[in-house]
1. Could you list, in sequence order, the residues of region 36-54 that are of a type outside the set (A, V, I, L, M) and in a helix (DSSP H, G or I)?
2. Are any of the residues in region 12-24 more than 16 Å from residue 81 (Cα to Cα), assigned to a helix (DSSP H, G or I), modelled with pLDDT under 60 and touching a helix residue (DSSP H, G or I) at 6+ places or on another chain (Cβ under 9 Å)?
3. Can you pull out the residues in region 52-73 that are touching a Lys or Arg at 6+ places or on another chain (Cβ under 9 Å) and free of Cβ contacts under 8 Å to residues at least 24 places away in the same chain?
4. Within region 80-102, track down each residue that is of a type in the set (Ser, Thr, Tyr) and either modelled with pLDDT under 90 or within 17 Å of the chain's Cα centre (by Cα) (or both).
5. Does residue 64 count as surrounded by 10 or more Cβ atoms within 10 Å (Cβ to Cβ), part of a strand (DSSP E or B), within 23 Å of the chain's Cα centre (by Cα) and at pLDDT 90 or above?
Amino acid sequence: MLRKIRDAFSSSEEDLTTNPDYLEIDLEQEEKENKVMVKLFTLKQYEDVNSVLNALREGYTIAIIDIKILRQKDPIELKRAVSKIKKTADALEGSIAGFGENTVIITPSFAKISKEPDRVPKEEKRFDDY
């Protein structure tokens, strides 16, 4: 593909008669696989935030972060790290939620986290009851 571009810019008199006035680029060749990745991260120190942020910026990553080690080691650094992650999630129009004391989940803009657990009515019959 680069050769085609180079040839288009360095065309001689002969090339003008054989080459069209435009250059066709095959976009299918450059197409990236758009699958959603679920990546697991562990924050052991503040600097570990960078790998989470880079994955989120790719746009197709759901990040599940274990914060237990950093929470036990340095709660102030954990607060800084979560704040930075939250700002990035907000900028990317994603969602962020904590599950329990040790897990944070961040999704891209096309996914939303339901923060309320589903309630099953007590009187609802189960399949086993029949």
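The values are calculated or read from the model by the stated rules, or taken from the named source; none is laboratory data. Since we're looking at a predicted model, the values are computed, not measured. Every residue, glycine as well, gets a Cβ built from its backbone with ideal geometry; the counts of neighbours run over all protein chains shown.
1. Step one: list which residues in region 36-54 are of a type outside the set (A, V, I, L, M), which gives 39, 41-42, 44-48, 50-51, 54.
Answer for region 36-54, where residues must be of a type outside the set (A, V, I, L, M) and in a helix (DSSP H, G or I): 46, 47, 48, 50, 51, 54.
2. So in region 12-24, the residues more than 16 Å from residue 81 (Cα to Cα) come out as 12-24.
Cutting the leftovers down to assigned to a helix (DSSP H, G or I) gives us 13-18.
Filter once more, so that each one left must be modelled with pLDDT under 60: 13-18.
Still in the list and also touching a helix residue (DSSP H, G or I) at 6+ places or on another chain (Cβ under 9 Å): 15.
Checked against the condition, which is being more than 16 Å from residue 81 (Cα to Cα), assigned to a helix (DSSP H, G or I), modelled with pLDDT under 60 and touching a helix residue (DSSP H, G or I) at 6+ places or on another chain (Cβ under 9 Å), region 12-24 yields at least one hit.
3. Passing the criteria: only 55.
4. Residues of region 80-102 that are of a type in the set (Ser, Thr, Tyr), as a first pass: 83, 88, 95.
Hits for region 80-102 are 88, 95.
5. Numbers: surrounded by 10 or more Cβ atoms within 10 Å (Cβ to Cβ): yes; part of a strand (DSSP E or B): yes; within 23 Å of the chain's Cα centre (by Cα): yes; at pLDDT 90 or above: yes.
Here the answer is yes, as residue 64 does meet what is asked.
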